[in-house]
Amino acid sequence: MDNAVSAYRRRWWVCGLLFVATALSFLDRQVLSVLSSVITQRLGMSNLQYSHVNTAFLVSYAAMFLLGGRMMDLLGTRLGMALSVGLWSIASTAHSAVHNAFQLGSCRFLLGVGEGGCFPGAAKGVAETFDVSRRALAMGIAIGGASLGAVAAPPLTVWLAGSMGWRGVFLVTGFIGAVWVVVWWFVAGELQRGRVAPSPGEKQCVRMADLLRRADVWGLAMVRFIVDPVFYFYMFWIPKYLNSERGVSLEMIGKLSWIPFLALGISNVVGGLASDGLIRGGIPAFKARRLVMAGAALLTVASSLAGRVKGLEAALVMMSLLMFAHGFWITNYVTLISERFPKGAVGTVMGFSGAVGAVGGMLANTAIGWCVDRFHYGPVWLASGLMYPAAFGVLLLTIGATRTMAAEVSQPQGSTR
């Protein structure tokens, strides 16, 4: 009984540490977004240059999402996450010393290199630790840390900028990341001891060539390619939109722009509870995850009105609606990957799909900068409301309730395939 209680606590400690890591990842990347109007003015940057700075992050993030996911499968979650958070904390600190757009873009590039492994590592850590009946809830909590980081970023950034200047904000966030690395390194080793040994099929790292021959891997990647640009738009451009189009001051941005991300954080957890509850009610896991994602996709259509409504409060409601739907979507999407592939491939598939999604975000981000300079935000809002239904259509076409790779790998040798 004591061993069971100890194992239960150990699982949730691992989940909590991963929650903090994903929170730090979004806190660090959101600082620039919150301070965009100040930094672009101080450094003399145009909207197009600002989009190029964001693109620098996305280029390295796309590459390192793939390589970082592979690193997690090869090195393990403990070492992989320590390297990932350590590198992006150094990059965050370096932001405090920039004096032009090129230097800022270089720091963003390094930030993307570090952050690329975070979410594959979080997904892998949860997949290794939780069974199917609790996995979506744990996944929602672990990746839901991103929402906490995004919620904390606006008020914390504005407060720190008022006290220490915008350069001081990056010094503080870098220091926080360094503290996390120390805690993780000394605590995670003990927390991860006692984990049930994986089966031989789950332990081995699956060859990339074998994964790339699968239609479901490409389908999952295409889903991210379609929907990630919408999320990156919310992450990088909403504070700037509120300032330039709605006349919201920096102080008010700190008070308001966290609201959609709070909706995201709530729905990360509720979305996991919803599909886990369907499974405990007798619905197969794949069908339960897909049902929740279908409802989320339909909900996002209303968000295209965010740029058309007159009141600021109504616009925030529309933005929050999309982020609420995204929480249901992404929690079940990541959980689906963890259940469809063996543990030795979860990080790699997460990394590959995230890399493809970052490429989509990179292309869209440049297009957004061009579009905003010429047509304002109207076309962007319209497109954002159509992407999730399109992605769900891709999901239906490419990922059926067929035998998963996890089942194939765990099948004893010599049995019929």
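For region 274-294, check the following and say yes or no: at least one residue is closer than 18 Å to Trp381 by Cβ and either touching a Leu at 6+ places or on another chain (Cβ under 7 Å) or modelled with pLDDT under 90 (or both). Show your work before the answer.
Our first condition is that a residue be closer than 18 Å to Trp381 by Cβ; within region 274-294, this holds for none.
No: zero hits.
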Q. Of all residues in region 305-350, which are among the aromatic types (Phe, Trp, Tyr) and part of a helix (DSSP H, G or I)?
A. Phe324, Phe328, Trp329, Tyr333
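Tell me, please, whether a residue that is under 30 Å from Gly247 (Cβ atoms) and in contact (Cβ under 8 Å) with a residue 12 or more places away in the chain can be found in region 328-343. Step through it out loud before you land on a result.
Step one: filter region 328-343 for residues under 30 Å from Gly247 (Cβ atoms), giving none.
Within region 328-343 (the criterion being under 30 Å from Gly247 (Cβ atoms) and in contact (Cβ under 8 Å) with a residue 12 or more places away in the chain), the answer is no, since none of the residues qualifies.
Condition check: under 20 Å from Trp237 (Cβ atoms), surrounded by 24 or more Cβ atoms within 10 Å (Cβ to Cβ) and within 18 Å of the chain's Cα centre (by Cα). Does Ala325 satisfy that? Even if it seems obvious, please write down each step before you answer.
Details: under 20 Å from Trp237 (Cβ atoms): yes; surrounded by 24 or more Cβ atoms within 10 Å (Cβ to Cβ): yes; within 18 Å of the chain's Cα centre (by Cα): yes.
Yes, satisfied.
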**Q.** Boolean, Tyr61 is at pLDDT below 85 and buried (at least 22 other Cβ atoms within 10 Å of the Cβ)
**A.** yes
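Kindly establish whether Asn268 is farther than 24 Å from Thr398 by Cβ and part of a helix (DSSP H, G or I). So that I can check it myself, show each step before the final result.
Details: farther than 24 Å from Thr398 by Cβ: yes; part of a helix (DSSP H, G or I): yes.
Against the criterion (farther than 24 Å from Thr398 by Cβ and part of a helix (DSSP H, G or I)), Asn268 qualifies.
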Q. Of the conditions (1) buried (at least 16 other Cβ atoms within 10 Å of the Cβ); (2) more than 29 Å from Ile368 (Cβ to Cβ); (3) of a type in the set (Gly, Ala, Ser); (4) at pLDDT 85 or above, Ala221 fails just one. Which one is it?
A. (2)
Q. Failed condition for Glu115, given (1) at pLDDT below 85; (2) crowded, with 24+ Cβ neighbours inside 10 Å, with all others met?
A. (1)
Q: Go through region 153-163 and give me each residue that's under 26 Å from Val269 (Cβ atoms) and touching a helix residue (DSSP H, G or I) at 6+ places or on another chain (Cβ under 6 Å).
A: Ala153, Pro154, Pro155, Thr157
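Considering region 365-387 alone, what residues qualify as being among the aromatic types (Phe, Trp, Tyr) and part of a helix (DSSP H, G or I)? Steps first, please.
Here is the first cut: in region 365-387, the residues among the aromatic types (Phe, Trp, Tyr) are 370, 375, 377, 381.
Once the filter is applied, which keeps residues that are among the aromatic types (Phe, Trp, Tyr) and part of a helix (DSSP H, G or I), region 365-387 yields Trp370, Phe375, Trp381.
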Q) Failed condition for Val394, given (1) surrounded by fewer than 24 Cβ atoms within 10 Å (Cβ to Cβ); (2) at pLDDT below 85; (3) among the β-branched types (Val, Ile, Thr); (4) under 22 Å from the mean Cα position of the chain (by Cα), with all others met? A) (2)
**Q.** Ser25 being buried (at least 18 other Cβ atoms within 10 Å of the Cβ), of a type in the set (Gly, Ala, Ser), touching a helix residue (DSSP H, G or I) at 6+ places or on another chain (Cβ under 6 Å) and farther than 19 Å from Val346 by Cβ
**A.** no
Q.
Step by step: first the residues of region 155-200, then only those that are touching a Phe, Trp or Tyr at 6+ places or on another chain (Cβ under 8 Å) and modelled with pLDDT under 80, then the one that is nearest to Arg29 (Cα to Cα). Which residue is that?
A. Val187
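List the helices (runs of 4 or more DSSP H) that sit entirely inside region 1-114 and contain at least 2 residues that are in contact (Cβ under 8 Å) with a residue 24 or more places away in the chain, under 30 Å from Leu137 (Cβ atoms) and aromatic (Phe, Trp, Tyr). Before you say what the answer is, go through the steps one by one.
Working: elements: 2-34, 36-42, 47-75, 77-94.
Answer list for region 1-114: 2-34, 47-75.
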Q. When you go through (1) of a type in the set (Val, Ile, Thr); (2) at pLDDT below 85; (3) within 20 Å of Gly385 (Cα to Cα) one by one for Ile253, which number turns out not to apply?
A. (3)
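Yes/no per residue for (1) free of Cβ contacts under 8 Å to residues at least 40 places away in the same chain; (2) crowded, with 19+ Cβ neighbours inside 10 Å; (3) part of a helix (DSSP H, G or I):
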| site | (1), (2), (3) |
| --- | --- |
| Pro260 | no, yes, yes |
| Ala263 | no, yes, yes |
| Leu273 | no, no, yes |
| Ile283 | yes, no, no |
| Phe286 | no, no, yes |
| Arg289 | no, yes, yes |
| Met293 | no, yes, yes |
| Leu298 | no, no, yes |
| Ser303 | no, yes, yes |
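Residues of region 241-258 being in a loop (DSSP other than H, G, I, E, B) and not hydrophobic (A, V, I, L, M, F, W, C), which ones? Show your work before the answer.
Here is the first cut: in region 241-258, the residues in a loop (DSSP other than H, G, I, E, B) are 245-249, 257-258.
Glu245, Arg246, Gly247, Ser249, Ser257 - these are the residues of region 241-258 that are in a loop (DSSP other than H, G, I, E, B) and not hydrophobic (A, V, I, L, M, F, W, C).
The values are calculated or read from the model by the stated rules, or taken from the named source; none is laboratory data. Treat the numbers as computed from the prediction; the structure is a model and nothing was measured. Backbone-built Cβ (ideal geometry, glycine too); neighbour counts: all protein chains shown.
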